[in-house]
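This report concerns only the one structure given below.
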Amino acid sequence: MAELEQFEGAATIEKIAALCRRRAFVFPTSDIYGGLGSSFDFGHYGVLLCQNIKGEWQRSMIQDRDDIVALDSAVILNPQVWVASGHVETFADPLVDCRTCKLRFREDHLATSSCGRKPSKHPGGTPDCDLTEARAFNLMFETHIGAVRDEASVAYLRPETAQGIFVNFKNVTSSMRVKPPFGIAQIGKSFRNEITPGNFLFRVREFEQMEMEFFVPPADAAEWHAYWIDERYNWHTRLGVRPSHLRARAHDKEELSHYSSATSDIEYLFPIGWQELEGVANRGSYDLDQHSQHSGTKLEWIGHEERYVPHVIEPALGVGRAFLTFMCDAYDEEEVAGRQRTVLRLHPRLAPVKAAVLPLVGKNADMVEKAQALYKELRRVMSAEYDADAAIGKRYRRQDEIGTPWGLTIDDQTLEDGTITLRDRDSLAQERIPLEGAKQLLLDRLEQEWAPGG
Ligand code: ATP
């Protein structure tokens with residue numbers, strides 16, 4: 001299949017950002033003070049969507065397997081961790097400044113950046129451009145511990161969650177029943193003082209990561225690397241990302257990080273082009289070796305007849321980047337009966353609200369009573385909403401924009417024969433189902449496989 005060059009769909013980053021704001025998914029942070037560059041707050045539906053993304057990750061990593069355990073390490077670690085990991089020395093972007101337009105660019109992104117004066121050209125592409133030599137800029141946020149602000153009190157907000165896992169290797173292997181191949185999974189905030197953040201949630205300074213370090217016998221590392229690239233690719237497509245928008249791309253030698261012997265990016269075709277969605281790296285024994293050396297504690301696997309430093313395979317995904325991916329892939333605009341509708345065709349398990357319960361006539365006491373009872377029954381097992389305001393069409397449109405897969409309408413016929421209307425967000429098909437079995441029907445549908453377009 002020839003690879004797509006352009007995103008196929010109605011989404012643009014601007015439209016997604018506008019919908020997110022209008023429908024309480026994401027707000028610019030500190031809005032009333034003019035915001036803070038590339039920082040965002042999640043609103044009600046954004047919180048629910050993030051929770052579902054993390055829940056699906058956790059379910060595939062921990063609940064559905066018996067070889068991965070969970071961890072939640074601190075954000076601020078002993079600063080020696082970052083010396084040992086190489087972050088103090090090398091976690092830097094090469095930056096160039098333009099003396100003419102006063103903008104700052106990542107040297108490795110010059111070919112895709114725009115000149116401040118002539119946005120159609122790349123920096124360095126006009127006779128006026130006057131670029132400096134590249135300088136290394138460390139991306140870690142510094143802070144101080146305790147009352148005295150001196151060299152000795154410097155600490156860092158973690159730029160990745162992975163190191164918290166490596167430094168707990170001994171704690172985990174001595175307290176849990178694990179044996180390579182096994183993994184440790186963690187979800188948590190990371191901080192990077194990115195110089196060129198942007199594109200809404202794509203690159204921000206404060207973000208959540210979902211990382212899993214999988215410890216394997218060294219001879220099996222290449223095989224496990226291939227396994228995790230496949231696993232992670234399939235996770236995204238199972239949750240509805242179109243395969244034509246997804247690819248795995250191996251890094252060239254020059255692109256590899258200092259710790260990695262092989263990395264593949266799972267890339268998504270965003271409206272801004274192909275970009276990294278998730279990294280799957282073969283980190284070898286680099287991290288365990290470094291921490292053994294710097295801490296004086298040997299981090300190795302000791303079995304009955306064997307002793308070795310495991311190699312590590314690491315899938316690492318940003319929650320916000322996954323959020324943006326699911327939104328871009330799900331966003332659709334169409335005309336239905338002469339009216340424009342915007343709909344988020346999210347996988348039902350990702351959808352912030354699974355079911356909206358709507359009495360057809362909001363002032364009809366019998367309908368309201370039945371609808372309230374159904375709503376209360378549903379919300380015990382899934383996220384549901386009750387809405388009796390405004391005309392039914394308007395209520396459906398609101399639910400379409402937040403991606404609610406099922407609308408349940410209580411009408412006159414319900415009062416006669418105990419059936420309700422189940423409206424499908426994607427096909428707009430309406431079926432009559434018994435009110436009695438509605439909860440179980442939706443629970444069954446949530447477990448079914450789902451693909452965009454049915
Ligand atoms: P880049 O080269 O784009 O700066 P990276 O290769 O350094 O990114 P990793 O360290 O591999 O990124 O991070 C793992 C994952 O964490 C990324 O694939 C992405 O999903 C997410 N991520 C990293 N940096 C950011 C950021 N600034 N904002 C949002 N998500 C991020």
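Would you check which residues across region 147-181 are closer than 19 Å to ASN78 by Cβ, away from the ligand (no atom under 16 Å from the Cβ) and of a type in the set (Gly, Ala, Ser) and list them?
Residues of region 147-181 closer than 19 Å to ASN78 by Cβ: 147-172.
After this cut, where a residue has to be away from the ligand (no atom under 16 Å from the Cβ) as well, the list is 147-155, 167-172.
Correct list: ALA147, ALA152, SER153, ALA155.
For region 255-273, which positions are away from the ligand (no atom under 11 Å from the Cβ) and under 16 Å from the mean Cα position of the chain (by Cα)?
Selection gives LEU269, PHE270.
What's the number of the condition TYR396 fails, among (1) in contact with a helix residue (DSSP H, G or I) (Cβ under 9 Å, 6 or more places away or on another chain); (2) closer than 25 Å to ALA17 by Cα?
Here TYR396 meets the rest and fails (1).
Among residues belonging to region 273-306 that are outside any loop (DSSP other than H, G, I, E, B) and of a type in the set (Val, Ile, Thr), point out the one that is surrounded by the fewest Cβ atoms within 10 Å (Cβ to Cβ). Please lay out each step first, then the result.
Quick first cut of region 273-306, residues outside any loop (DSSP other than H, G, I, E, B) only: 273-284, 286-295, 301-302.
Next cut, of a type in the set (Val, Ile, Thr) only: 280, 302.
Values: VAL280: 26, ILE302: 10.
Looking at the filtered set, the residue picked out is ILE302.
With respect to the numbered conditions (1) surrounded by 14 or more Cβ atoms within 10 Å (Cβ to Cβ); (2) more than 16 Å from the ligand (Cβ to nearest atom), which one is the sole condition not fulfilled by GLU133?
(1)
Based on what the data block shows, is GLU107 within 30 Å of GLU401 (Cα to Cα) and surrounded by 14 or more Cβ atoms within 10 Å (Cβ to Cβ)? Talk me through it step by step, then tell me what you get.
Numbers: within 30 Å of GLU401 (Cα to Cα): no; surrounded by 14 or more Cβ atoms within 10 Å (Cβ to Cβ): yes.
The answer is no for GLU107.
State whether the residues of region 260-272 include one that is touching a residue at least 40 places away in the same chain (Cβ under 8 Å), surrounded by fewer than 17 Cβ atoms within 10 Å (Cβ to Cβ) and either hydrophobic (A, V, I, L, M, F, W, C) or part of a strand (DSSP E or B) (or both).
For region 260-272, residues touching a residue at least 40 places away in the same chain (Cβ under 8 Å), surrounded by fewer than 17 Cβ atoms within 10 Å (Cβ to Cβ) and either hydrophobic (A, V, I, L, M, F, W, C) or part of a strand (DSSP E or B) (or both): present.
Could you give me the residue pairs with C-beta distances under 6 Å whose first residue belongs to region 204-231 and is on the phi < 0 side of the Ramachandran plot and β-branched (Val, Ile, Thr), whose second residue is modelled with pLDDT of 95 or more and surrounded by fewer than 20 Cβ atoms within 10 Å (Cβ to Cβ) wherever it lies, and which are 6+ apart or on separate chains?
As it stands, the answer is VAL216/PRO181; ILE229/ALA248, since those pairs meet every condition given.
Anything in region 189-199 that is on the phi > 0 side of the Ramachandran plot and either at pLDDT 95 or above or not assigned by TED's automatic domain parsing to the domain that holds LEU49 (or both)? List them, or say none. Write out each step before concluding.
Step one: of region 189-199, the residues on the phi > 0 side of the Ramachandran plot are 198-199.
Within region 189-199, no residue meets the criteria.
Do the conditions hold for GLY362, that is, is it modelled with pLDDT under 95, of a type outside the set (D, E, K, R) and either under 20 Å from ARG445 (Cα atoms) or not in a helix (DSSP H, G or I) (or both)?
Details: modelled with pLDDT under 95: yes; of a type outside the set (D, E, K, R): yes; either under 20 Å from ARG445 (Cα atoms) or not in a helix (DSSP H, G or I) (or both): yes.
So GLY362 fits the description; yes.
Being in contact with a helix residue (DSSP H, G or I) (Cβ under 6 Å, 6 or more places away or on another chain) and either in contact (Cβ under 8 Å) with a residue 40 or more places away in the chain or not assigned by TED's automatic domain parsing to the domain that holds ILE145 (or both), is that true of even one residue in region 89-109? First the steps, then the outcome.
Step one: list which residues in region 89-109 are in contact with a helix residue (DSSP H, G or I) (Cβ under 6 Å, 6 or more places away or on another chain), which gives 94, 96.
Those left that are additionally either in contact (Cβ under 8 Å) with a residue 40 or more places away in the chain or not assigned by TED's automatic domain parsing to the domain that holds ILE145 (or both): 94, 96.
Yes, region 89-109 contains a residue that is in contact with a helix residue (DSSP H, G or I) (Cβ under 6 Å, 6 or more places away or on another chain) and either in contact (Cβ under 8 Å) with a residue 40 or more places away in the chain or not assigned by TED's automatic domain parsing to the domain that holds ILE145 (or both).
If I go through region 38-61 residue by residue, how many of them are assigned to a helix (DSSP H, G or I), surrounded by 16 or more Cβ atoms within 10 Å (Cβ to Cβ) and over 12 Å from the mean Cα position of the chain (by Cα)? Steps first, please.
To start, the set of residues in region 38-61 that are assigned to a helix (DSSP H, G or I) comprises 44-61.
Okay, now just the ones that are also surrounded by 16 or more Cβ atoms within 10 Å (Cβ to Cβ), so 45-46, 48-50, 52-53, 56-58, 60-61.
If we keep only those that are over 12 Å from the mean Cα position of the chain (by Cα) too, we end up with 45, 48, 58, 60-61.
Going through region 38-61 one residue at a time, the tally reaches 5.
The values are calculated or read from the model by the stated rules, or taken from the named source; none is laboratory data. None of the values given here were measured: they were computed from a predicted structure. Note that each Cβ is placed from the backbone with ideal geometry, even for glycine, and that neighbours are counted across all protein chains shown.
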